[in-house]
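Let me begin by handing over the structure; questions about it come next.
The values are calculated or read from the model by the stated rules, or taken from the named source; none is laboratory data. Nothing here was measured: the structure is a model prediction, and the numbers come from that model. FYI the Cβ positions are ideal-geometry reconstructions off the backbone, even for glycines, and counts take in every protein chain you see. Each accessible area value is taken on the protein alone, full model and side chains, heavy atoms only, with ligands, DNA and RNA left out. Shrake-Rupley method; radii C 1.70, N 1.55, O 1.52, S 1.80 Å.
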Amino acid sequence: MTARTDESTNALHPSASVEARLAALEVAHQQALREIAELKGRDTLKTQFLANISHDLRTPLTAIITHAEILREGILGELSTRQHESIAGIISGGRRLLEMVGEILTYARGAANQLEIAPTEVAVGDVIEQVRRLNESLVARKELCLEIRVASDVPRVIADREKLAHILGNLLGNAIDFTPAGGRVWIRASRQHEEDRDTVLVEVGDSGIGIAADHHELIFQEFAQVDASASRQHHGTGLGLTIARRLVELHGGRIWLESELGHGSRFFFTIPTQHQA
Amino acid sequence: MTKEDTRPLVLIVDDSPHVTGPLRILFEETGRRVVVAASIVSAVRACETERPDLMLLDVSLPDGDGLSVLEILHGTRALPPVTVALTGHDDDLTVQRCRAAGCRDVLLKPVPVRDLLRHAAEWIPERVVSA
Ligand SMILES: Nc1ncnc2c1ncn2[C@@H]1O[C@H](COP(=O)(O)OP(=O)(O)OP(=O)(O)O)[C@@H](O)[C@H]1O
Ligand SMILES: [Mg+2]
């Protein structure tokens with residue numbers, strides 16, 4: 001009915017020549033490339049914004065914590081028991097917030113490919129012990145049984161100690177969070193040989209609520225939580241596993257899980273004994 | 001003759017009042033004097049004119065790498081006897097870099113007040129009071 005139509009929009013009309021159709025395809029392709037480039041640009045801006053804002057959030061937060069610690073130490077005068085309790089609340093709330101801001105910063109740096117590892121020779125058992133100590137009081141409070149087993153032949157790895165502790169901390173934190181009181185949590189490390197290289201295999205497991213197979217992929221995505229409803233019991237950033245995966249991959253390792261809803265979870269990751277940059 | 005103030009002097013180098021504010025209170029309330037500098041240039045000047053007994057040094061300053069304060073003063077009498085680095089990063093390489101530049105210790109921000117109090121006495125030996 002239309003007398004004249006725009007070639008590019010109607011090139012797939014049966015009457016259009018093959019040449020015209022190819023030309024139209026090329027136009028659409030270029031258009032898609034431009035859109036992808038623009039979206040990538042926006043994503044980069046957003047990531048950069050996240051990195052900047054979380055850095056700027058840190059500084060005033062550290063001021064709050066330092067002031068509160070000065071009060072706690074009694075430098076400005078003796079405190080009553082109640083004042084002590086109140087200040088302890090400011091410090092622990094502030095530290096928790098600082099941790100979350102730190103997670104966002106690490107995530108944003110990772111997404112912008114700005115995370116680097118500083119590898120040195122590390123004994124995995126020592127890092128596990130460090131992380132265990134940090135979580136001791138949480139484990140005790142929930143009356144969980146935490147078992148640690150490091151095989152005697154586990155070799156040293158070339159890794160970034162701090163980042164290894166970060167991976168373990170995020171996995172153990174989840175195991176503790178998602179296991180009801182009285183349950184079991186464990187960390188195991190053993191030597192592995194895969195694809196003609198030596199690795200250390202670490203398992204962080206729990207007897208907790210478990211994860212349905214449908215969600216095994218999802219939970220590694222940024223901000224993803226199985227229960228994302230406003231009424232959810234667990235509060236966090238949903239970045240713990242995204243960061244853990246990023247850090248494992250930076251070391252040249254792999255991370256995966258075995259879990260069923262209601263039957264606990266086992267997270268595994270490997271760290272090659274030699275760092276391949 | 002005016003009596004000289006013999007309280008030890010702490011130079012705090014950081015560009016954020018969020019960091020220097022509480023630290024000033026901490027040191028002044030525990031018997032020390034405090035001077036603040038917010039850049040490499042003003043830190044170097046402060047070392048030359050004030051001769052601090054202890055310098056707390058932020059490793060990232062608006063005009064560059066904080067550790068260059070130590071580099072610039074290296075071998076001069078203005079180099080503070082003890083420098084402690086303040087950093088936002090806790091990786092082994094940052095720690096090694098600070099130590100190699102001559103820092104006695106490396107503290108991660110937020111500066112742990114208990115550690116500061118515990119170590120302050122060994123970092124700042126009491127001044128020998130001349131007769
Ligand atoms: N051990 C586990 N048992 C059961 N569910 C888990 C376990 N670990 C992770 N999950 C699920 O995966 C989701 C994502 O975990 P992730 O660590 O990435 O974020 P988060 O724990 O929700 O937040 P944050 O780590 O900041 O506290 C969790 O919200 C939870 O639904
Ligand atoms: Mg988590």
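Out of A:H193, A:H215, report the one residue that is within 16 Å of ligand 2 (Cβ to nearest atom) and surrounded by fewer than 22 Cβ atoms within 10 Å (Cβ to Cβ). I'd like the intermediate steps shown before the answer.
On the way: A:H193 fails: within 16 Å of ligand 2 (Cβ to nearest atom).
Checking each option against the conditions leaves just A:H215.
Could you check how many residues of segment B:1-39 are hydrophobic (A, V, I, L, M, F, W, C) and in a helix (DSSP H, G or I)? I'd like the intermediate steps shown before the answer.
First pass over segment B:1-39, keeping only residues hydrophobic (A, V, I, L, M, F, W, C): B:1, B:9-13, B:19, B:23, B:25-27, B:34-38.
Pick out the ones that are also in a helix (DSSP H, G or I) and you get B:19, B:23, B:25-27.
Residues that pass the stated criteria total 5.
Hey, A:D198 hits all of (1) closer than 28 Å to B:L93 by Cβ; (2) acidic (D, E); (3) within 11 Å of ligand 2 (Cβ to nearest atom) but one; which does it fall short on?
The failed condition is (3).
Identify the residue in segment A:207-217 that is more than 7 Å from ligand 1 (Cβ to nearest atom) and in a loop (DSSP other than H, G, I, E, B) and, among all such residues, is nearest to A:N174 (Cα to Cα).
Filtering first and then ranking leaves A:S207.
For segment A:218-238, what are the residues that are in a loop (DSSP other than H, G, I, E, B), open to solvent by 40 Å² or more (accessible area, probe 1.4 Å) and within 19 Å of A:G110 (Cα to Cα)? Even if it seems obvious, please write down each step before you answer.
First, the residues of segment A:218-238 that are in a loop (DSSP other than H, G, I, E, B): A:221-238.
From what's left, open to solvent by 40 Å² or more (accessible area, probe 1.4 Å): A:221-223, A:226-235.
Answer for segment A:218-238, where residues must be in a loop (DSSP other than H, G, I, E, B), open to solvent by 40 Å² or more (accessible area, probe 1.4 Å) and within 19 Å of A:G110 (Cα to Cα): A:Q221, A:E222, A:F223.
Let me ask something else. May I ask you to verify whether B:L57 is farther than 21 Å from A:I117 by Cα, among the hydrophobic types (A, V, I, L, M, F, W, C) and either modelled with pLDDT under 95 or crowded, with 18+ Cβ neighbours inside 10 Å (or both)? Let's see the steps before the verdict.
Values: farther than 21 Å from A:I117 by Cα: yes; among the hydrophobic types (A, V, I, L, M, F, W, C): yes; either modelled with pLDDT under 95 or crowded, with 18+ Cβ neighbours inside 10 Å (or both): yes.
So B:L57 fits the description; yes.
Could you tell me whether any residue of segment A:28-35 is open to solvent by less than 90 Å² (accessible area, probe 1.4 Å) and within 30 Å of A:Y107 (Cβ to Cβ)?
Step one: filter segment A:28-35 for residues open to solvent by less than 90 Å² (accessible area, probe 1.4 Å), giving A:28, A:30-33.
Checking the rest, the ones that are also within 30 Å of A:Y107 (Cβ to Cβ) come to A:32-33.
Yes, segment A:28-35 contains a residue that is open to solvent by less than 90 Å² (accessible area, probe 1.4 Å) and within 30 Å of A:Y107 (Cβ to Cβ).
Go through A:I148, A:I243, A:I219, A:I187 for me and flag whichever is closer than 16 Å to A:R266 by Cα, within 17 Å of the chain's Cα centre (by Cα) and of a type in the set (V, I, T). First the steps, then the outcome.
On the way: A:I148 fails: within 17 Å of the chain's Cα centre (by Cα); A:I243 fails: closer than 16 Å to A:R266 by Cα; A:I187 fails: within 17 Å of the chain's Cα centre (by Cα).
A:I219 is the lone residue from the list that is closer than 16 Å to A:R266 by Cα, within 17 Å of the chain's Cα centre (by Cα) and of a type in the set (V, I, T).
Is it true that some residue in segment A:102-120 is free of Cβ contacts under 8 Å to residues at least 24 places away in the same chain, open to solvent by 20 Å² or more (accessible area, probe 1.4 Å) and among the hydroxyl-bearing types (S, T, Y)?
Checked against the condition, which is being free of Cβ contacts under 8 Å to residues at least 24 places away in the same chain, open to solvent by 20 Å² or more (accessible area, probe 1.4 Å) and among the hydroxyl-bearing types (S, T, Y), segment A:102-120 yields no hits at all.
Take the residues in segment A:246-262 that are over 17 Å from the mean Cα position of the chain (by Cα) and open to solvent by less than 60 Å² (accessible area, probe 1.4 Å), then tell me which one is farthest from A:V200 (Cα to Cα). So that I can check it myself, show each step before the final result.
Taking segment A:246-262 and keeping what is over 17 Å from the mean Cα position of the chain (by Cα), we get A:258-262.
Restricting the remaining residues to those that are open to solvent by less than 60 Å² (accessible area, probe 1.4 Å) gives A:259, A:262.
Values: A:S259: 21, A:G262: 28 Å.
Going through the qualifying residues, I end up with A:G262.
Next question. Consider B:R45 against the criteria (1) open to solvent by less than 10 Å² (accessible area, probe 1.4 Å); (2) over 17 Å from B:D105 (Cα atoms): it satisfies all of them except one. Which criterion is unmet?
(1)
Is there any pair with a first residue in segment A:38-62 that is within 14 Å of chain B (Cβ to nearest Cβ) and without any contact (Cβ under 8 Å) to a residue 40 or more places away in the chain and a second that is open to solvent by less than 70 Å² (accessible area, probe 1.4 Å) and part of a helix (DSSP H, G or I) whose Cβ atoms are under 8 Å apart and which are 6 or more apart or on different chains, and what are they?
Listed by first residue and then by second, the contacts come to A:T59/B:V19; A:T62/A:L98; A:T62/B:V19.
A further question on this structure: Can you name the condition, by its number, that A:Q225 falls short on among (1) near ligand 2 (Cβ under 10 Å from one of its atoms); (2) touching a residue at least 60 places away in the same chain (Cβ under 8 Å)?
A:Q225 satisfies every listed condition except (2).
So which residues in segment A:160-181 are open to solvent by 10 Å² or more (accessible area, probe 1.4 Å) and within 14 Å of another protein chain (Cβ to nearest Cβ), if there are any at all?
Residues of segment A:160-181 open to solvent by 10 Å² or more (accessible area, probe 1.4 Å): A:161-163, A:165-166, A:169-170, A:173-174, A:177-178, A:180-181.
Of everything in segment A:160-181, those that are open to solvent by 10 Å² or more (accessible area, probe 1.4 Å) and within 14 Å of another protein chain (Cβ to nearest Cβ) turn out to be A:R161, A:E162, A:K163, A:A165, A:H166, A:G169.
Among the listed residues A:I128, A:I187, A:I167, identify the single one that is in contact with a strand residue (DSSP E or B) (Cβ under 7 Å, 6 or more places away or on another chain), more than 16 Å from ligand 2 (Cβ to nearest atom) and either of a type in the set (A, V, I, L, M) or not in a helix (DSSP H, G or I) (or both). Before you say what the answer is, go through the steps one by one.
Values: A:I187 fails: more than 16 Å from ligand 2 (Cβ to nearest atom); A:I167 fails: more than 16 Å from ligand 2 (Cβ to nearest atom).
None of the others qualify; the one that does is A:I128.
Of (1) exposed (fewer than 11 other Cβ atoms within 10 Å of the Cβ); (2) within 13 Å of chain B (Cβ to nearest Cβ); (3) of a type in the set (G, A, S), A:S80 satisfies all except one. Which?
Going through (1) exposed (fewer than 11 other Cβ atoms within 10 Å of the Cβ); (2) within 13 Å of chain B (Cβ to nearest Cβ); (3) of a type in the set (G, A, S) one by one, A:S80 breaks only (2).
Moving to a separate point now. Answer yes or no: is there a residue in segment A:127-143 that is within 14 Å of another protein chain (Cβ to nearest Cβ), open to solvent by 50 Å² or more (accessible area, probe 1.4 Å) and more than 22 Å from the chain's Cα centre (by Cα).
Within segment A:127-143, none of the residues are within 14 Å of another protein chain (Cβ to nearest Cβ), open to solvent by 50 Å² or more (accessible area, probe 1.4 Å) and more than 22 Å from the chain's Cα centre (by Cα).
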